Amino acid sequence: MAQVPSSQALLEKIVSLSKRRGFIFQSSEIYGGLNGCWDFGPLGVEMLRNIKDAWWRAMTGRGGIEGIDASILMHPRVWEASGHVQNFSDPMVDCRECKMRYRVDHLFGEMSEKKLRAISKATTLEGALAKTLNMQSQEVTKEQLAEILLSMIEKSDTLFSELVEKELIGCPNCGRVKTLTPPRNFNLMFETHIGPVKDDSNAVYLRPETAQGIFVNFLNVMQSSRQKVPFGICQIGKSFRNEINTKNFLFRTREFEQMEMQFFCKAGTDEQFFEEWRETRWNWWQSLGMPESKMRFKPHEKLAHYAKAAGDIEFLFPFGFGEIEGIHNRTDFDLTRHTEFSGKSLQVHDEQTKEKYTPYVVETAAGATRGFMALLCNAYEEEQVEGEQRVVMRLSPSIAPIKVAVLPLVNKDGMPEIAQSLEKDLRRSMKSFYDDSGAVGRRYRRMDEIGTPFAVTIDSDTLVDQTVTIRERDSMKQIRIAIAGVRQYLMDKMD
Ligand code: GAP
């Protein structure tokens with residue numbers, strides 16, 4: 001019977017398996033690691049590439065979507081136009097004594113309900129809370145309390161300091177009171193400099209999203225590829241955010257990969273395209289083996305200033321639901337802002353009305369590395385087979401790092417030679433692996449653990465009738481077929 005371990009234990013098992021089998025290593029591990037950065041090992045890079053390839057094919061293969069690969073460093077004005085210089089920040093506070101730094105929302109998020117209620121009672125917030133919610137504050141949940149306190153702190157210059165002065169909030173690390181500084185905004189973009197001199201005049205940023213490379217290339221792509229609105233531009237690439245808290249493995253990292261598509265359309269058609277893309281992207285995740293039972297679509301309650309509609313596709317990670325992709329109706333905000341800041345018109349011509357207009361954008365913004373983690377978590381299972389525990393990664397064959405293992409039953413009688421020759425032949429069409437060490441049962445288990453969907457075994461019957469067994473990972477069922485038909489059989493199954 002299949003078993004899924006409890007949340008924290010499951011995450012620890014996945015992190016440990018990832019390292020042991022070469023999916024993910026901690027960045028710069030021999031120097032003690034670098035927080036928020038991870039390296040993809042031999043199996044990880046294959047699987048990540050498979051996910052990105054599947055996405056690229058799904059986007060560019062449908063017609064009307066062009067790909068690009070923009071540079072990571074862009075003109076600094078891009079980030080002024082996009083609003084990132086001004087708004088892409090988190091409010092932070094420091095402890096003057098122990099020097100710990102906290103995000104204000106995390107301070108409240110991690111507080112007990114009792115503490116939150118004490119804060120609201122001891123201040124004038126109680127009345128305001130009841131008014132905001134139009135109900136008795138006793139009915140307010142812990143999360144609502146934290147959220148309302150936060151929004152009040154955002155609006156007030158003094159409230160946080162008042163709470164500190166009244167000793168209602170102290171440092172969670174050293175326990176001292178009256179030591180937290182007032183909140184300050186901390187920009188999440190990494191800054192660097194072009195050229196040998198470091199000063200403000202040559203500061204540039206590592207891009208915090210791939211989207212802006214698409215907006216600024218909108219006309220280049222449309223004209224060079226002779227597209228007409230509606231059409232889309234897609235891109236896969238690295239993004240960087242100086243996240244304050246990096247936790248939960250690949251979920252929130254400082255360097256990560258995104259798969260973004262911006263669909264340009266005329267105002268008035270945007271709502272329909274938003275719905276269509278929401279469904280298309282939902283179905284895409286399912287096509288990689290993610291079940292509906294572990295997914296949900298969460299509309300944003302608070303819309304960004306530029307968004308008309310927005311929501312997240314979320315996956316049930318071991319620690320709870322978390323976003324893997326955002327779908328946003330960004331209106332004409334980005335193209336209008338880039339027109340203002342660059343002085344270059346990014347309008348198109350409507351052939352029917354003969355008028356010029358700025359297109360609206362529906363964006364699908366998926367995390368490649370976060371999606372990778374979701375797919376690993378989704379695939380991991382433990383089960384009892386004949387009294388022994390089997391760990392199996394039920395990865396969809398399309399994203400499994402190795403598609404087939406070729407195993408000689410024993411290391412003699414010409415079996416290794418036949419197996420090696422078959423593996424060499426299969427290698428031309430799919431990622432294959434030859435393994436002749438240890439008992440065949442153990443070799444199957446090693447393959448199950450990394451999600452290899454098929455194993456082909458060469459045995460004594462092969463020597464007589466040129467047939468082999470093919471074992472399927474999930475059912476563990478075996479069939480016997482002619483060695484000459486193995487490649488085609490696997491290709492059909494993989495399809
Ligand atoms: N252009 C819109 C945009 O970037 P986002 O919701 O900030 O939207 C899109 O990011 C996706 O990128 C997220 O759904 C998530 O999968 C991934 N992502 C964002 N920040 C991340 C981080 N710090 N670590 C890993 N993945 C991240």
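Residue-by-condition table, conditions (1) buried (at least 18 other Cβ atoms within 10 Å of the Cβ); (2) within 18 Å of the chain's Cα centre (by Cα):
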| residue | (1), (2) |
| --- | --- |
| Phe25 | no, yes |
| Asn35 | no, yes |
| Leu48 | yes, yes |
| Val85 | no, no |
In the stretch 47-66, is there at least one residue being assigned to a strand (DSSP E or B) and either among the hydrophobic types (A, V, I, L, M, F, W, C) or in contact with a strand residue (DSSP E or B) (Cβ under 6 Å, 6 or more places away or on another chain) (or both)? yes
Of these, Asp312, Asp332, Asp350, which one is charged (D, E, K, R) and within 15 Å of the ligand (Cβ to nearest atom)? Asp312
Can you report the number of residues in the stretch 20-41 which are over 19 Å from Arg241 (Cβ atoms), touching a residue at least 60 places away in the same chain (Cβ under 8 Å) and in contact with a Lys or Arg (Cβ under 7 Å, 6 or more places away or on another chain)? 0
Out of all the residues in the stretch 22-46, which are in contact with a Gly (Cβ under 7 Å, 6 or more places away or on another chain), closer than 26 Å to Val404 by Cβ and part of a strand (DSSP E or B)? Ile24, Phe25
Subset of the stretch 376-391 [surrounded by fewer than 15 Cβ atoms within 10 Å (Cβ to Cβ), small (Gly, Ala, Ser) and either touching an Asp or Glu at 6+ places or on another chain (Cβ under 9 Å) or under 26 Å from Met295 (Cβ atoms) (or both)]: none
Qualifying residue in the stretch 419-439 (condition: of a type in the set (Ser, Thr, Tyr), within 26 Å of Ile14 (Cβ to Cβ) and exposed (fewer than 15 other Cβ atoms within 10 Å of the Cβ)): yes
Neighbours by Cβ (under 7 Å, 6+ apart or cross-chain): first from the stretch 150-163, assigned by TED's automatic domain parsing to the domain that holds Leu180; second hydrophobic (A, V, I, L, M, F, W, C) and not in a helix (DSSP H, G or I): Leu163/Ile169
List the helices (runs of 4 or more DSSP H) inside the stretch 196-303, counting only whole elements, that have at least 3 residues being away from the ligand (no atom under 15 Å from the Cβ). 218-225, 270-287
Condition broken by Arg337, with the remaining ones in (1) touching a helix residue (DSSP H, G or I) at 6+ places or on another chain (Cβ under 6 Å); (2) closer than 26 Å to Trp56 by Cβ; (3) of a type outside the set (Asp, Glu) satisfied: (2)
Failed item in (1) open to solvent by 40 Å² or more (accessible area, probe 1.4 Å); (2) farther than 27 Å from Glu46 by Cβ, with Arg394 passing the rest: (2)
Kindly establish whether Pro183 is farther than 16 Å from Thr369 by Cα, outside the structural domain of Leu48 (by TED's automatic domain parsing) and away from the ligand (no atom under 16 Å from the Cβ). yes
Enumerate the pairs (first residue in the stretch 341-354 and closer than 16 Å to Thr269 by Cβ; second residue anywhere and among the hydroxyl-bearing types (Ser, Thr, Tyr) and open to solvent by less than 100 Å² (accessible area, probe 1.4 Å)) with beta-carbon separation below 9 Å, excluding pairs fewer than 6 apart on the same chain, so at least 6 apart or on different chains. Val348/Tyr357; Val348/Thr358; Asp350/Tyr357
Taking Lys247, is it at pLDDT below 95 and either out of contact with any Phe, Trp or Tyr (no Cβ under 7 Å at 6 or more places or on another chain) or over 25 Å from Lys19 (Cβ atoms) (or both)? yes
If you take the residues in the stretch 353-375 that are open to solvent by 40 Å² or more (accessible area, probe 1.4 Å) and within 16 Å of the ligand (Cβ to nearest atom), which one is nearest to the chain's Cα centre (by Cα)? Arg370
Of residues in the stretch 183-195 being in contact (Cβ under 8 Å) with a residue 12 or more places away in the chain and part of a loop (DSSP other than H, G, I, E, B), the one surrounded by the most Cβ atoms within 10 Å (Cβ to Cβ): Pro183
Mind listing whichever residues of the stretch 315-329 are more than 10 Å from the ligand (Cβ to nearest atom) and touching a Lys or Arg at 6+ places or on another chain (Cβ under 7 Å)? Leu316, Phe321, Asn329
Please find, within the stretch 167-194, the residue that is nearest to the chain's Cα centre (by Cα) out of those that are more than 30 Å from Ser71 (Cα to Cα) and among the charged types (D, E, K, R). Arg184
Could you tell me whether any residue of the stretch 118-130 is over 18 Å from Tyr102 (Cα atoms), small (Gly, Ala, Ser), assigned to a helix (DSSP H, G or I) and modelled with pLDDT of 75 or more? yes
Restricting to the stretch 207-253, and then to whatever is over 20 Å from Arg281 (Cα atoms) and of a type in the set (D, E, K, R), can you tell me which residue is surrounded by the fewest Cβ atoms within 10 Å (Cβ to Cβ)? Arg226
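The values are calculated or read from the model by the stated rules, or taken from the named source; none is laboratory data. It should be emphasised that the depicted structure is a prediction, and the values quoted were computed from it without experimental measurement. Counting neighbours? That spans all protein chains shown, and the Cβs are built from the backbone with ideal geometry, glycine included. Remember, those area values only see protein heavy atoms, side chains included, never the ligands or the DNA or RNA. Shrake-Rupley method; radii C 1.70, N 1.55, O 1.52, S 1.80 Å.
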